[in-house]
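Remarks on the structure that follows.
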Amino acid sequence: MDLKAFFKLSYGLYIISSVSGDLDCGCIANTLQQVTAEPPMLSIALHKDNRTTRAILESGKFCGAVLTEEADMNLIGAFGFQTSEKFDKFGGFSSERDENGVRYVTDCVAARYSCEVVDSVDLGTHIMFIGKVTAAETLCSDPVMTYDYYHRVVKGKTPAKAPSYKGEDVKADEPTPAKASAEKWQCAICGYIYEGELPEGYQCPICGVPASKFEKIG
Ligand code: FE
């Protein structure tokens, strides 16, 4: 099978959030889709190991927030490469709580949809939730982030638990990074870029991996 064929599918980039008791959970996903208009319903497929998935199973509620092109690796890294169990993902960003009690980020977000789960499908590694939209709101008119933009311009990576993860051996055609005077290192796990000589004992501020996981890109 030509795994690169899957790079031809277009996606957006979203923060999917939910609540589990007192714990606000959230993760990055690219698989949010509108599936019906009357009534408006969305589907989302999330990995079973995600804390957010467990929160949705418990609460029956989730919120989908559409990221804009302004979203940087601090935001995407916090929600995409950490676990809600150990890390306060919402801490560094502005957020609101929706009508269902689910917290959602308002920084670099174009719209949000609050949903109640009406059905779910076990897909093996992932669970697909079908959610009826109970509230929707436009937050700004900035251009929204596409998955292609995320890989080409933000130069972000795909977390291993994403439905579209292809492994490190299959990479999209990435343009060579722009030349700069200082050397640049990129985290192989989350895509965070460090400019300058990597200090000894350095850890990625986004996903926490050691300096050995950084690749020199300039
Ligand atoms: Fe990282």
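See the values below:
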| read-out | value |
| --- | --- |
| Gain upon complete extension [GLN203, VAL121; 0.36 nm per residue less C-alpha separation] | 25.7 nm |
| Contour excess over end-to-end distance, with Cα ends at MET128 and ASP22 and 0.36 nm allotted per residue | 35.8 nm |
| All lysines inside 24 Å of LYS155 as judged from Cα atoms, apart from same-chain residues fewer than 8 positions distant | LYS4, LYS8, LYS89, LYS166, LYS171, LYS179, LYS184, LYS213, LYS216 |
| Interchain or long-range residues, amide H under 5 Å from SER20's placed H | CYS25 |
| LYS213-ASP142 pseudo-label distance in nm [points 7 Å out on the Cα-to-Cβ vector] | 2.7 |
| Euclidean distance between Cα centres, the range 1-49 to the range 101-155, Å | 6 |
| Inter-label distance, nm, simple model (7 Å from Cα along the C-beta direction), LYS86/GLU183 | 2.9 |
| CD proxy at 222 nm, helix term only [per DSSP H run n ≥ 4: -39500 (n - 2.57); per residue of the chain; nearest 500] | -2000 deg cm²/dmol |
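Since every read-out is calculated from the coordinates, none of them should be taken as a lab result. Being a predicted model, the structure only gives us computed values, none of them experimental. Here Cβ is always computed from backbone atoms with ideal geometry, including for glycine, and neighbour counts include all displayed protein chains.
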